[in-house]
Ligand code: SF4
Ligand code: SF4
């Protein structure tokens, strides 16, 4: 028996927030149904088959249910456990993606080959068109120029950050430097482990956790370990040693003692802000990002969609379950089409790539909020 699953009192309060339940109206595809399934598999009351794999693998891990649950059932942990139980039923595509996506070298190779070979109409092809193959690796240690150093920050850049979001890494670094911090980006950091954990490979996720904890432990006295993508941040928040020090970049910068050192040039444009489910449901960092962006004078800010709802990117869902991912993206696409903002800002790289792939992007710039903040930053 899994004691955490037994905490579910089957009240059903989480059902209204679950995107797969809303689309299917099926109890099996609800958080309550999935918790009962994980428990039954763990107790040997049900055998693993293709259907039980599908029920667990189609969960988007948005953790909306966890945020709504009055009994504080740790749904994310239970789903990782469940995915381990049904791992033997993974198809070759799922296995391949989980093997390649978190490995920097393999992703660079795939981007080089796939950019030319894959049709830009497939989900993978669309993603690879966004890869920046010539992005330089960031410096390992950056020091603020001409200002007194107030502390040192460890920056987690993610396994594919330099490939798909180098502008956010550069932007986060610049903002931290301007606020007076040294920025340490340990070379030996690895993938956060989220894809492996959610793909049922808990052992590999634990190895990556150990690599990251060692990399940041050897980076000197750090005031905080800051992550840029909220999907990685949600995984980091559960690290035993680093979890306490971890904070999302938006929440770190929004602290009064930090933001008071930053000034921004006005920008008379419209920004639609997408709050990823991981930022809202796990890191609770939505307000901080909105407060930060309000520091740009003249910027008109509109929040995208329903806060905490999954846009359909859901880990690898946008690559493996394009129909589900498209359905969940539609409200966002319609809102972007109706408003025609100058910018769409999202704190999670896979959400940004997924939203961008669904919109006629002419005239709309998609980026991480820190990229826009760095663009408007007044430098000393
Ligand atoms: S997970 Fe929580 S909210 Fe959902 S049915 Fe169980 S106890 Fe209720
Ligand atoms: S994590 Fe999201 S998709 Fe999965 S059961 Fe919970 S609410 Fe539904």
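The values are calculated or read from the model by the stated rules, or taken from the named source; none is laboratory data. As the structure is a computational prediction, the values presented were derived from the model and not from experiment. We place every Cβ from the backbone using ideal geometry, glycine too, and count neighbours over all the protein chains shown.
Among the residues making up the stretch 220-237, those that are more than 17 Å from residue 161 (Cβ to Cβ) and touching a residue at least 60 places away in the same chain (Cβ under 8 Å) are 220, 221, 222, 223, 224. Considering 223, 170, the condition of being in contact with a strand residue (DSSP E or B) (Cβ under 7 Å, 6 or more places away or on another chain), within 27 Å of residue 286 (Cβ to Cβ) and either surrounded by 21 or more Cβ atoms within 10 Å (Cβ to Cβ) or not assigned by TED's automatic domain parsing to the domain that holds residue 98 (or both) is satisfied by 223 alone. Taking the conditions (1) within 16 Å of ligand 2 (Cβ to nearest atom); (2) surrounded by fewer than 17 Cβ atoms within 10 Å (Cβ to Cβ); (3) part of a helix (DSSP H, G or I) in turn, residue 95 satisfies each one other than (1).
Within the bounds of the stretch 34-53, is there any residue that is outside the structural domain of residue 234 (by TED's automatic domain parsing) and within 9 Å of ligand 2 (Cβ to nearest atom)? For the stretch 34-53, residues outside the structural domain of residue 234 (by TED's automatic domain parsing) and within 9 Å of ligand 2 (Cβ to nearest atom): present. Among the residues of the stretch 323-345, not one is touching a helix residue (DSSP H, G or I) at 6+ places or on another chain (Cβ under 9 Å), in a helix (DSSP H, G or I) and farther than 14 Å from residue 358 by Cβ.
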